[in-house]
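Throughout, read-outs are computed from the coordinates displayed, never taken from laboratory work. Since the model is a prediction, treat every value here as computed from it, not as a measurement. Every residue, glycine among them, receives a Cβ derived from its backbone with ideal geometry; neighbour counts consider all protein chains shown.
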């Protein structure tokens, strides 16, 4: 079963003094493009979390967010009293503002707040890791559901191409007869005596150049292979994309050999269906 690269997963963990929210969002990409937004406190664990995400999501443009909301009295920032007093003293020399306004200005100055770096509590990180795994499971389920919708669309498009190919097969004898008639008329218009045997030989050679039997067989095989690949364990967007290219090659060859307007119209419809497949294949993991 195929998976989409589009997905969303979220998990929230409530700790005694803080609430931690983890979000994962992914879109299609040729490879894994992981963008992480996490507080500086957890930077030392960033590589570990990245590896966990990469091993599970494999491909896609992934946004990983870890958000912390303090719910208790815990805080790692304190007012740097000495620095604030020194700022106020210097500001008083250049400003006539009252003490409240001076304090407002001083508190916005660099180093007015000092942050004490705390080590990550192992139990806290264990809870974060569990929440990350929950978010990964959620985004994976999302990708499966999107993949199921993509699979239905692929089956529809492949069946449409197959039905159009049946129309091509039905038209083929009529096309050959039309080409033959046109050639005979062209020779007749020359008002020249033509060796009938030589003419038949040349006509057969000409018609063989426009024969599409092999293309019809190969196209049928590629359509079957696309369907079987959808249901295989190793199914992925790159593989389906390669098969789509082969389908396109056969359709283009039929179009170039058709030399018959009704068949060329069908080929255009086949190309339209294939373009829709190619667009969706870009979203497959």
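Quick look at the numbers
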quantity	calculated
Simple spin-label estimate for residue 99 and residue 45 in nanometres, 7 Å along Cα-Cβ	4.4 nm
Kirkwood hydrodynamic radius (C-alpha pairs) into Stokes-Einstein, the stretch 1-138, 37 °C and 0.692 mPa s, D in µm²/s	183 µm²/s
Directionally averaged projected area (convex hull, Cα atoms, the stretch 206-285), nm²	5.3 nm²
Degrees separating the helix 261-281 axis from the principal Cα axis of the chain, which is the longest one	20 degrees
Cα shape, the chain, gyration tensor, a/c 1.5 rule	prolate
The stretch 1-46 shape via C-alpha gyration tensor axes, a/c threshold 1.5	oblate
Principal-axis tilt of helix 46-57 within the chain, Cα atoms, nearest 10 degrees	30 degrees
